[in-house]
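This report refers to the structure that appears directly beneath it.
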Amino acid sequence: MTRPLTAAQRRLIEAADPGTGRLKGTEAQLTALVKRGLAFRHPRPPHDHFLTPAGHRAREARNEPPRQTEVEAPASSTGVFAARAGGEPVPPAAEGPARTREVGSAWQGMLELRRMTNPDASTERPCAWERTHLVQAAALALEAAGHRPAGADGEDGYRVRDTPQPDAVAVYAPDAAVLRACAETLEGAGWQAGEYTEPRTRRRYVLASPRRV
């Protein structure tokens with residue numbers, strides 16, 4: 001179980017700059033937030049620390065009604081918000097409007113992460129984190145755009161899967177129209193996406209990779 005934030009960590013997160021997520025604190029405090037996936041250290045001098053998407057969500061949760069703050073959103077092993085890749089055996093803790101809010105908050109946090117870590121501050125193409133978490137990044141772009149992920153019981157929806165290629169994911173959908181819509185969403189989110197056919201199964205899929213320029 002994830003340890004709750006200390007009072008000092010909560011104060012640090014709440015005091016972050018509302019626009020940029022920039023944090024101020026001791027080196028030990030900031031390092032502790034980095035280890036929990038709530039902050040990252042900017043690679044360029046002066047190496048300031050900023051909230052990650054999970055950190056932004058933690059701060060926003062403090063302003064929601066108590067019932068909502070008690071709900072833990074799904075997270076990956078790194079502590080970063082986990083979008084639905086489709087076909088998960090366990091549904092997310094929050095569903096309906098609560099899930100929509102979580103996804104929207106995570107997407108806004110991702111755009112901020114792009115702005116802070118892309119060399120030209122661009123929010124229109126994926127950042128380094130997304131290129132090392134391809135499935136989660138593509139799934140977040142799709143879920144944030146309102147596409148429905150596939151359920152564990154075979155419910156129709158998209159599925160994002162790893163591929164043998166180190167910089168690409170495959171997206172499957174129940175029909176051609178949904179597949180095309182997924183490709184358009186990913187292209188709008190800064191990915192290169194094209195439709196292909198599997199040689200053996202003849203199943204259509206989208207192969208997508210993050211744009212670098």
The alpha-carbon pair-distance distribution computed for the chain, with 5 angstrom bins and whole-percent values, is 1, 7, 15, 18, 18, 16, 11, 8, 4, 2, 1, 0
Mean-square fluctuation maximum in Gaussian network of the chain, Cα pairs under 10 Å, restricted to A141, A15, A173, hits A15
Placing each pseudo-label 7 Å from Cα in the direction of the beta carbon, E88 and R148 end up separated by a distance in nanometres of 1.8
For the range 156-166, Karplus-derived ³J(HN,Hα) couplings (6.51, -1.76, 1.60; θ = phi - 60°; whole Hz; x for glycine and proline) come out as 4, x, 6, 9, 9, 9, 5, 10, x, 6, x
The FRET efficiency for V34 and E195, from their Cβ-Cβ distance with R0 = 41 Å and rounded to 0.05, is 0.55
Note to self: with every protein chain in place and a 1.4 Å probe, the chain gives an accessible area per residue in Å² of 55
Those trypsin sites (Lys or Arg not before Pro) from the range 115-181 that are DSSP loop and have at most 10 other Cβ neighbours within 10 Å turn out to be none
Applied in sequence order to the range 169-181, the curve 6.51 cos²θ - 1.76 cosθ + 1.60 (Karplus, θ = phi - 60°) yields integer Hz couplings, x standing for Gly and Pro, of 10, 10, 10, 10, 8, x, 8, 5, 5, 5, 4, 5, 5
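Using the Kirkwood formula on the Cα atoms of the range 113-183, what hydrodynamic radius do you get, in angstrom to one decimal?
Computed over the range 113-183, the radius equals 13.2 Å.
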Quick numbers on the range 144-213, Rg and Dmax over C-alpha atoms in Å, give 11.9, 39
With 0.36 nm assigned to each residue of separation and the Cα-Cα distance removed, T26 to R11 gains 4.1 nm
What the Cα atoms of the range 94-213 span along the principal axes, largest first and in whole Å, is 42, 34, 21
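The values are calculated or read from the model by the stated rules, or taken from the named source; none is laboratory data. Note that the structure is predicted; figures quoted are calculated from it, not measured. All Cβ positions, even for glycine, are placed from backbone atoms using ideal geometry, and neighbour counts span all protein chains on display. The accessibility values were calculated without ligands, DNA or RNA, using every heavy atom of the protein model including side chains. Shrake-Rupley method; radii C 1.70, N 1.55, O 1.52, S 1.80 Å.
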